[in-house]
Structure formats: C-alpha cells, structure tokens
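Before any comments, here is the structure.
The values are calculated or read from the model by the stated rules, or taken from the named source; none is laboratory data. Just so we're clear, the structure is a prediction, and the values are computed from it rather than from any experiment. Cβ placement follows ideal geometry from the backbone for every residue including glycine, while neighbour counts extend to all protein chains displayed. Remember, those area values only see protein heavy atoms, side chains included, never the ligands or the DNA or RNA. Shrake-Rupley method; radii C 1.70, N 1.55, O 1.52, S 1.80 Å.
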Amino acid sequence: MDRTLNNVSKPPDETRVQLFHRINAPRFGKTREPASGRGYDCGCKSAKTDFIPSGVSNVLAHHLVTALSTLTDVALAAIPGIGPALVAFKHLATEIAEKSGTDIEEELGNLLSQEVEGALFGQFLRSLPAWVPVDRKGTAGPFENPEKREVEMEVEGLLSRSFQTCRDIPFFQWNRWYNWTFQVSPIDGYAYMAGEGNLMTPREQKELLSGRNLGHNHSTDVNMENRSDDGIPHSMECLMDFGSFCKHPTEGTQVTGVMYHPGWPFWPMSGDYFWAAGRWVYNCLHPSSDEKTGPGAGRMSTQLRPVKAFASTRYEGFKFDENEKRVPAVRFLFFASKRGGYLDFHDKGEGEVATTCGIAFNDTDYEFIVDLPEPPASGATVWPIGHTPEFPANTQVLRPSLLVKLEFAPFGVPKSGAFLADLLQFETSLKPKVEVVPPTKPNDPPRQAKITVPMSQVPKGKDAYGVCISLGWFDPDGTLASKVKAVTLKPGPLRMLDDDKDEGKFRFHFSFNGRWFFAPFEDPGEKKPVPLTGADPRFTQFIPDDSRAKLTAHGMLRHGFGDYLETKNQKQRTVRVGGIFRTGEVGRLLAQGGKVLIDKFGNEIDSAFVKELAKQGLDLLEGERVDVEWKKHIDQENKAVASAVAREMFVEKVPLFNDMNDPLALTEPTRDNSNPVIMKNVVKELEKNPRATVKATLFEKVTDVIGEADKLAVRLDPDQGDYEMDVEWTVENQ
C-alpha cells in the first residue's frame with residue numbers, strides 16, 4: 001500500500017487493495033502535527049478534580065450493597081474503571097465481618113457510605129461528556145480554524161480491524177445499539193488524525209507489558225502508541241452507532257444491522273482500504289492521567305465519532321446487463337447517515353439544535369479516484385461481418401467499452417422489515433458523476449475513473465444516502481468472464497474451547513469477502529459443535545484470478561451489559577434528572593443554613609452542593625424530572641450540573657453492575673493459502689480438475705481484556721483457544 005499519496009491523484013494499484021483515493025480533500029496535509037491529546041482543554045472532565053460531592057453516599061450504599069454481595073470478584077473486576085475498587089471494598093468488608101461477627105452486607109454499607117461517592121461518581125463524571133470535539137476552541141487542532149467552529153474531518157487508510165464492539169458500556173439513551181469500529185491505519189496525509197494521546201494508559205501498559213501478563217499480546221494496534229518503529233501510524237478508531245439507522249431488537253428483530261441483509265452490497269472488513277468523514281473527537285473515558293495541568297496532565301486518544309460517511313471497495317466478479325457472465329469489476333460503496341447516535345448531523349443552512357453537532361450532513365461533495373479492472377488484453381476486438389466468414393475485409397472493430405452500474409441504498413432492504421428503521425428517509429435518485437480519467441497515452445485504454453458524490457445536493461429532510469458503483473468492461477467474447485471463479489465457503493462447525501466461556505448467549509459474526517453473517521445461539525453446552533452452514537447464496541462469491549478470498553470473524557458471550565442493551569429500548573434506557581426538592585422550597589431550605597438538607601425522597605444532600613447547583617441548574621433541583629439532554633446537561637462546563645447527572649446515572653442504573661460481555665477471539669485473514677485464499681495459487685488446479693479445494697481449521701486463541709480501556713489481548717499459550725472452526729473453500733469456473 002502506498003502511504004505517500006498526494007491530494008490530486010493516485011497510481012493504479014496492481015495488488016487490487018488500494019483501489020481508490022479521496023482527492024481535493026480540504027483537511028489533507030502531510031506536514032501537520034498530530035493532535036495534542038489535551039482533551040481537558042476541550043471539555044473532558046477529571047474524576048479527581050471536577051466532581052462535587054452531594055452527600056448522598058448513604059443512599060448509594062443502600063442501592064449497591066445487594067449487588068456487591070452477590071456478584072463474583074470476576075464480575076466486579078470487569079466493571080470498567082471502578083471494578084478494582086469495588087473488589088477491594090468487598091474484600092475489606094468480608095474481613096471486617098469475619099473478625100467482628102457482623103453481617104457482610106452491614107459492613108459493606110458502612111464502607112460504601114464513607115468512601116464510595118467520590119470514587120464511583122467521579123468515574124462516571126469522565127463520561128460527561130464522553131467525547132468532545134478536538135478543535136472546539138479553534139486552537140487544539142493541527143490546522144488554522146479562525147472561525148473557531150467545529151469542522152468535518154476525514155481519514156483514509158487500511159483497515160486493521162472492522163467489527164461490532166462488545167465491551168462498550170451501554171451509554172443509556174445515547175448508545176442506540178452497539179458501535180461498529182473501523183480501525184484504520186492512516187496514510188501520510190491523515191497521519192495527524194491519530195493524536196499524541198493515542199497511547200496505552202499506564203494501567204494498560206502495566207497489565208499488558210508487565211511480567212504478570214507476559215503470556216498476552218495485543219489483538220489490535222489501536223492506541224498502542226502513536227507511531228510504530230518504522231514510522232507507520234497505528235490505527236485510530238472510527239465508530240458508527242448503526243442502531244441510529246437500523247432497528248433495535250425490541251422492535252421485533254434479533255438480527256440488527258443492514259450489513260447482515262443479503263441485499264446490502266458489502267460492508268468493510270479487515271484488510272480493506274477505507275475512507276471516512278465525521279466528527280473528530282477526544283475520547284474522555286480513558287485518560288492517561290486525572291491530572292488536568294502540569295507535566296503529568298492527562299492525554300486522550302482521538303476518534304472519528306460519529307462517522308457521517310464512509311467509502312470502501314471490492315474487487316470481484318459482477319454481472320452487468322450487457323455481458324452474459326460476470327466479469328472482474330471494481331465496486332465502490334459510499335454510504336452516509338445523518339443520524340449519529342449521541343448527536344446527529346444537521347441540514348445545511350440550519351444551525352445546531354439540541355440533538356445535532358456543528359457538522360452539516362449535506363453541504364460537501366466528495367471526489368474520489370477509483371481504479372478500473374484490467375481491460376481486455378488486445379485493447380480492441382476485431383471480427384468479420386457478413387453472411388459467411390469469407391468476408392474478412394468487411395470487419396467491425398470494437399474498442400474497450402466501460403460499463404457502469406448504479407445501485408442505491410437501501411439496496412432492496414425493506415424499511416418495514418427487521419433491519420431498517422421505518423422513519424429513515426433515503427435519497428434514492430441522486431446520481432453521482434462518473435468520469436473516465438484520460439490515459440497518459442492516447443491509444444491506451446483508461447485505467448481510472450473519477451467519481452464525484454454530490455452530497456451537497458441531498459435535499460433537506462433526507463436521513464441517508466448510499467450508492468454502489470460497479471465498474472467493468474464489455475466482454476463480447478467471454479475472455480474476461482473466464483478470469484472469474486466461483487468460490488464457495490463452507491464454514492463450521494464452531495467448537496467452543498475455553499472453559500471460562502461455556503455458558504450464556506453467544507453472538508457470532510463472520511464475513512466472507514465483505515458479506516456479513518450473524519449467528520446467535522445459546523450455550524452450546526459440553527462444547528457441542530455449532531453448525532454455521534446453510535443455503536444462503538452469499539456463501540458463494542465470484543472472485544477474479546488476481547484477487548483473494550478471505551474470512552474474518554468475531555463475537556461475544558452476552559452478559560449483563562448485553563442484556564441491558566438488547567432488551568431495553570431507548571426510552572427504558574433514558575436517564576432522567578431533576579425534581580430533588582418540591583417547587584419553591586430551595587430558597588427556604590438554603591435560608592435555614594443547614595449543612596445537610598433532606599430532599600423529598602429522604603436523601604441527605606449537602607447545602608453547599610445545592611447552592612452550587614442552583615446557580616446553573618435550578619431545574620435540576622425543583623419541578624418535574626426531565627430527560628437528560630446531551631448539550632444542556634452533559635457537554636457543558638458547569639461541574640455541579642455534571643455531578644448531579646453523574647449521581648443520577650449511577651443510582652438509577654445500578655442493575656448495570658453485572659458482568660460485561662466477554663469477547664470471542666478475532667479471526668483475521670493472516671494465514672497464507674488458507675485465509676486468505678490467494679486465487680492464483682489454486683486456479684492452476686482447475687486445468688486438471690473441475691474444482692479446487694482448500695481446507696483449514698482456524699484455531700483461535702483465547703482473547704482476554706486488559707486495562708480500563710478494555711484493550712483486547714490474546715493469550716500466547718499455543719494450547720489455549722477460544723474456539724476453532726473448520727473452513728473449506730471450493731473454487732470452480734463460473
């Protein structure tokens with residue numbers, strides 16, 4: 001892959017990986033310094049210095065005692081950020097209870113009421129807000145921003161991973177469903193997007209690199225360090241909450257996500273080339289330090305979150321109407337969604353509102369250079385015309401003719417079915433502009449096309465726009481079709497191997513050349529094989545001789561966090577705040593001068609906290625309880641308001657304290673000749689036999705979780721596996 005591309009062109013990629021490139025991008029720049037990582041300057045909050053105690057520790061203890069006394073140490077330790085503290089509380093209470101002969105729940109209550117509020121609420125404060133714009137003030141970013149406003153950012157590079165996340169805390173109403181993470185290692189012009197804070201936290205460094213965990217290696221290169229030893233940027237995350245444009249399981253479907261529908265062309269997978277645009281943010285949840293200033297000030301990693309638009313390609317056989325059979329084609333997929341999850345994108349010409357960020361959905365056109373497939377070898381096809389072959393002088397010459405097929409989202413996926421939300425409005429008539437790039441020599445066939453996606457013409461009120469553009473050549477004599485093979489994948493059965501992951505609800509996802517499949521199943525019990533095969537036509541793909549067939553897989557064992565996210569709809573997950581006192585009582589209570597006030601629910605509240613909160617958020621003290629709003633209560637500067645919301649998030653959602661989901665190992669296309677299958681290595685067999693077969697058993701090592709950022713790490717023990725899966729590929733002429 002060429003990481004040194006400029007902003008106006010690209011050379012054709014003979015490896016068929018880097019098949020496209022964004023050109024004329026306004027934020028492309030090879031000399032820009034990486035983002036500083038100073039998220040505290042942009043609105044991130046420190047658990048150490050920004051939390052204001054409210055004096056409700058006794059109430060909190062009452063809610064937590066049962067949860068702490070019933071959950072295992074493993075379950076408690078899995079709670080991000082605060083798990084180790086909870087384990088320590090439990091062990092100390094157990095020791096005191098054994099020595100004094102008292103009840104463990106009583107001792108837990110005593111300890112929690114004394115210690116827990118700042119430690120636990122303070123951790124929640126990091127998520128208020130969880131993400132802030134990198135260039136919020138016009139000074140934190142690596143480019144000039146005199147208007148000091150939020151601007152759309154882009155990134156492009158190779159995907160090191162692409163999968164549905166399973167370890168994220170279900171962030172109440174702002175996580176509409178699981179996020180899909182595109183982990184992209186950027187080319188030089190976007191290397192600055194991975195900032196100086198894209199590092200492991202001290203705890204991750206300790207757990208992954210210390211002697212205690214010499215038996216682990218990292219599973220992803222996200223936030224390992226800003227640059228590798230050879231100067232190549234490690235991957236940064238681009239996250240898309242695809243529940244924002246797909247149905248939730250509570251609406252009657254178990255399979256959520258357009259990428260799992262047979263009508264969707266393809267969805268990016270590991271090893272694909274990728275481009276995305278969206279909101280460039282710092283992730284406030286996992287700072288390197290809680291110190292806001294000084295030499296040890298914390299740094300945060302950069303992300304693109306939410307993703308507004310992405311583009312990717314497939315090189316595969318495609319059936320054009322003009323051809324009898326499939327021919328090699330480059331298929332370019334562009335998809336954009338106005339709905340982002342915690343914040344949406346607004347229509348051009350309109351200002352921000354309570355539910356949108358500062359980036360417009362439909363004010364920018366995007367230009368891409370896309371490689372074309374190899375043209376017919378002769379450059380022109382000549383044949384005689386007449387009643388008999390005796391008329392060789394009467395001939396017709398047909399030069400290479402480029403074929404273009406446009407297909408528009410939702411690509412036949414029914415809006416009223418089990419995938420797309422009924423209210424999603426797609427723009428389906430706006431055609432992109434496809435122009436052939438003139439070859440350098442006049443008589444040579446073209447090798448590239450320029451595609452302009454006219455997003456600025458998407459009308460107001462549309463929620464999504466997507467198009468798949470297939471580019472190939474007219475094939476009158478079948479020469480090109482002979483280069484395409486039918487490759488059929490037979491996956492499974494899946495055999496679970498890890499004794500620690502032997503019960504619960506499994507969610508298994510796998511992709512065959514960009515077609516994604518979802519296999520939900522219950523506890524296989526006693527490691528019974530789980531069949532994954534079926535009659536789905538997507539198991540047969542048509543792949544050119546000079547391409548490859550590849551498989552990726554990932555999944556999880558669903559626990560409490562997954563139960564919460566899958567079984568609770570958005571309304572049930574909504575945090576509410578306010579109404580601590582009856583209307584009109586705040587002034588009278590404060591005038592009494594008491595150090596501790598009693599709210600209408602019987603909770604003890606410090607008057608100092610009430611005074612601070614009353615300055616900025618009287619509605620949080622009196623009146624009806626209201627839904628917490630992102631801009632009004634979360635992404636704002638007042639510490640007292642944020643502290644009040646943190647308290648509500650914790651106390652109201654105590655059932656979240658259950659096991660986090662367990663990740664299954666990531667299967668990646670890294671095995672020579674079996675995954676991926678290099679087509680040129682097997683097509684020679686077809687000269688002797690009607691089919692070629694490649695068999696493999698994918699033994700995937702146990703994947704654990706390291707550090708408070710839930711970094712995935714794989715055990716190095718060669719005898720320990722999460723699961724194994726038999727794979728058989730058969731290759732035939734089409």
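Report the residue count in the range 463-480 for those that are open to solvent by less than 10 Å² (accessible area, probe 1.4 Å) and not aromatic (F, W, Y).
9
Of all residues in the range 708-734, count the ones that are among the hydrophobic types (A, V, I, L, M, F, W, C) and surrounded by fewer than 16 Cβ atoms within 10 Å (Cβ to Cβ).
Selection size over the range 708-734: 1.
Output the residues belonging to the range 167-194 that are under 21 Å from N7 (Cβ atoms), of a type outside the set (F, W, Y) and in contact with a strand residue (DSSP E or B) (Cβ under 6 Å, 6 or more places away or on another chain).
Scanning the range 167-194 gives V184, S185, P186, I187, A191, M193, A194.
Go through the range 191-202 and give me each residue that's buried (at least 23 other Cβ atoms within 10 Å of the Cβ) and either within 18 Å of L285 (Cβ to Cβ) or modelled with pLDDT of 95 or more (or both).
Those that are buried (at least 23 other Cβ atoms within 10 Å of the Cβ) and either within 18 Å of L285 (Cβ to Cβ) or modelled with pLDDT of 95 or more (or both): A194, G195, G197, N198, M200.
For P446, indicate whether it is open to solvent by 40 Å² or more (accessible area, probe 1.4 Å), part of a loop (DSSP other than H, G, I, E, B) and more than 29 Å from T256 (Cα to Cα).
no
Filter the range 536-565 down to residues that are within 16 Å of F508 (Cβ to Cβ) and open to solvent by less than 20 Å² (accessible area, probe 1.4 Å), then give me how many there are.
9
Which members of the range 221-279 meet the condition of being modelled with pLDDT of 85 or more, more than 21 Å from L19 (Cα to Cα) and acidic (D, E)?
Those that are modelled with pLDDT of 85 or more, more than 21 Å from L19 (Cα to Cα) and acidic (D, E): E237, D241.
Of all residues being at pLDDT below 95 and outside any loop (DSSP other than H, G, I, E, B) in the range 1-43, which is surrounded by the most Cβ atoms within 10 Å (Cβ to Cβ)? Just the residue, please.
In this case the residue turns out to be G39.
If we scan the range 299-308, do we find a residue that is in contact (Cβ under 8 Å) with a residue 24 or more places away in the chain and over 20 Å from the mean Cα position of the chain (by Cα)?
Scanning the range 299-308, I find at least one residue that is in contact (Cβ under 8 Å) with a residue 24 or more places away in the chain and over 20 Å from the mean Cα position of the chain (by Cα), so the answer is yes.
Confirm whether V327 is open to solvent by less than 10 Å² (accessible area, probe 1.4 Å) and over 23 Å from D371 (Cα atoms).
Considered against the rule, which asks whether it is open to solvent by less than 10 Å² (accessible area, probe 1.4 Å) and over 23 Å from D371 (Cα atoms), V327 comes out as no.
With respect to the numbered conditions (1) farther than 26 Å from K711 by Cα; (2) modelled with pLDDT of 95 or more; (3) basic (K, R), which one is the sole condition not fulfilled by K308?
(1)
Scan the range 238-267 and report the pairs whose first residue is under 20 Å from G341 (Cα atoms) and whose second residue is open to solvent by 30 Å² or more (accessible area, probe 1.4 Å) and among the β-branched types (V, I, T), with Cβ atoms within less than 9 Å and a gap of 6+ or a chain change.
P249/V255; P249/T567; T250/T567
Restricting attention to the range 566-581, does a residue exist that is modelled with pLDDT under 85, of a type in the set (A, V, I, L, M, F, W, C), out of contact with any Pro (no Cβ under 8 Å at 6 or more places or on another chain) and loosely packed, with under 14 Cβ neighbours inside 10 Å?
No, the range 566-581 has no match at all.
Are any residues in the range 473-510 modelled with pLDDT of 95 or more, in a strand (DSSP E or B) and either of a type in the set (G, A, S) or within 27 Å of M660 (Cβ to Cβ) (or both), and if so, which ones?
The answer is A486, and nothing else.
Report every pair of residues separated by at least 6 positions or lying on different chains whose Cβ atoms are under 6 Å apart, first residue within the range 673-694 and farther than 12 Å from D546 by Cα, second among the acidic types (D, E) and not in a helix (DSSP H, G or I).
Sorted first by the residue in the range 673-694, then by its partner, the pairs are R691/E732.
Looking at V645, V641, V705, V654, can you tell me which residue is at pLDDT below 90, aliphatic (A, V, I, L, M), farther than 17 Å from I543 by Cα and open to solvent by 20 Å² or more (accessible area, probe 1.4 Å)?
From the options V645, V641, V705, V654, the qualifying one is V705.
Could you say whether any residue in the range 137-152 is open to solvent by less than 40 Å² (accessible area, probe 1.4 Å), at pLDDT 65 or above and assigned to a strand (DSSP E or B)?
There is no residue in the range 137-152 that is open to solvent by less than 40 Å² (accessible area, probe 1.4 Å), at pLDDT 65 or above and assigned to a strand (DSSP E or B).
Looking at the range 460-482, I want the residues that are of a type in the set (K, R) and have a partner that is open to solvent by 10 Å² or more (accessible area, probe 1.4 Å) with Cβ atoms under 6 Å, at least 6 apart or on another chain. Which pairs are those?
K460/D347; K462/Q425; K462/E427
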